[in-house]
Amino acid sequence: MSTDITIKKTELIDAIEEKSIGEIIKPLVTEIHLFDTHIAGTTYLKDKAPIDEAATGDKVTLRREDNKYDEKAILVLDSQGRKMGYIPEKDNLIFSRLMDAGKLLIGKVGTIEHHGSFTKISIGIYLVDY
């Protein structure tokens, strides 16, 4: 009788070894739509490129910011990490609490309306759940 342990590869192990962790988890990720709002502060940006280049359906990053004017501030960044503006203060209480508790929130660009020098960009806020 042999004391060697034999490990047989299964289809599941083969699949895991061939893929990155992101590819394995991706099918398990659910984006739950929470709320619709718009990006505030777009007229104060020094670099208007993120606003000018925004397109419907773009994913945006939401990140908490230490801000002396709003302790619940949530920064909105484009896919290149450029500042687009903020979640409006009137809308950020619950979302800042979720983010502070470690929840991942993202945004998706909805409509884009141009009104002279002002551009209104609506976004949906989503909770990324695993």
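Brief remarks follow.
- Virtual paramagnetic centre 7 Å along Cα→Cβ of Arg64, amide N under 13 Å, in the stretch 38-56: none
- Fewest neighbouring Cβ atoms within 10 Å first, the residues Ser96, Ser122 line up as Ser122, Ser96.
- With R₀ set to 22 Å, the beta-carbon distance separating Lys103 from Leu77 gives a calculated FRET efficiency near 0.80.
- Given their separation in residues at 0.36 nm each and the Cα-Cα distance between them, Ala55 and Thr43 gain 2.6 nm when the chain is fully extended.
- When the pairs Lys46/Lys120; Lys68/Lys90; Lys59/Lys83; Lys68/Lys108 are compared against a 22 Å limit on Cα-Cα distance, Lys68/Lys108 fall above it.
- Residues in the stretch 107-123 carry Karplus couplings, in order, of x, 10, 5, x, 8, 10, 10, 9, 10, x, 7, 9, 10, 9, 10, 8, 9 Hz; the curve used is 6.51 cos²θ - 1.76 cosθ + 1.60 with θ = phi - 60°, and Gly or Pro positions show x.
No lab work stands behind these numbers, since they all come straight from the coordinates. Values in this document were obtained by computation on a predicted structure and should not be read as measured data. We place every Cβ from the backbone using ideal geometry, glycine too, and count neighbours over all the protein chains shown.
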